[in-house]
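What follows is one structure encoded as structure tokens, with my remarks underneath.
The values are calculated or read from the model by the stated rules, or taken from the named source; none is laboratory data. Quick caveat, the model's predicted, so the values are computed rather than measured. Neighbour counts are summed over all protein chains in view; Cβ atoms, including those assigned to glycine, are modelled from backbone coordinates with ideal geometry.
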Amino acid sequence: MLGILKRDFVLMISSKQTIILLIFYIPFFIMIADSFMPDILYFTIIIFYSYLMSILSFSYDITGKSKYIMNSLPVSRRELVLYKYLSTFIYFVITVVYVGVYLWIIDAFNFVSVDYFNLTQIANAFPVLMILTGIVYPVYFRFEPKIAQIIQMLVMVFFFTTTANISFTGDKGVLIYLGKLQWGHIMVIALVIYVLSFVLAVKMYDNRDI
């Protein structure tokens, strides 16, 4: 498992495109935050970066950069799926630390006044991330990377559209329904989706020809 994690980080830091995304997307979010989502800026950034890091390793399969590295690792398909689902939690913690430091620097130098640590929004982001990745992971384990990438992009577009809707409508729209759900209820739903997603991904990947 540690070998796969090391492989993911090596591929991540070796990509100029990834480095650019990690560095410049936070300022981009801050610039557009005043337009439609200042109250959930931190929440949105946490979700986006955690989702990006969780999905990123799959993207290298499109160009075949990781195929030979992956095949050389002494892990079974089931262990690989388990690693991917557990790595979501690792990337979430890394994201909270990275985003917190990044936003703290911005706030400390008075570039912009931002919230760099918010336990409530962290707690709210966690089940949302589980639901998003729970939807996307089986797709990557079943279909070709290019097809899976299209689907994961659609999932992210749906997330941002929903987030914008929440920000624009305030106490109206989807918030009427979401407001009736407590965090515990959402977490249970997320756990059920995540576990079912894992079982589905294992079956799909076991039956897939590579």
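Filtered by the rule that a residue be aromatic (F, W, Y), farther than 27 Å from I30 by Cβ and crowded, with 18+ Cβ neighbours inside 10 Å, region 113-163 gives Y137, Y140, F141. Take the conditions modelled with pLDDT of 80 or more and either loosely packed, with under 15 Cβ neighbours inside 10 Å or over 15 Å from Y137 (Cα atoms) (or both) and apply them to I94. Does it pass? Criteria met by I94.
Assess whether D39 counts as being within 19 Å of T120 (Cα to Cα) and either modelled with pLDDT of 70 or more or in a helix (DSSP H, G or I) (or both). The answer is yes for D39. When G173 is tested against (1) modelled with pLDDT under 85; (2) in contact with a helix residue (DSSP H, G or I) (Cβ under 8 Å, 6 or more places away or on another chain); (3) in a helix (DSSP H, G or I), exactly one condition is not met: (3). Restricting the search to region 95-124, which residues are among the polar types (S, T, N, Q), without any contact (Cβ under 8 Å) to a residue 24 or more places away in the chain and in a helix (DSSP H, G or I)? If the condition is that a residue be among the polar types (S, T, N, Q), without any contact (Cβ under 8 Å) to a residue 24 or more places away in the chain and in a helix (DSSP H, G or I), then T120 is the only one that fits.
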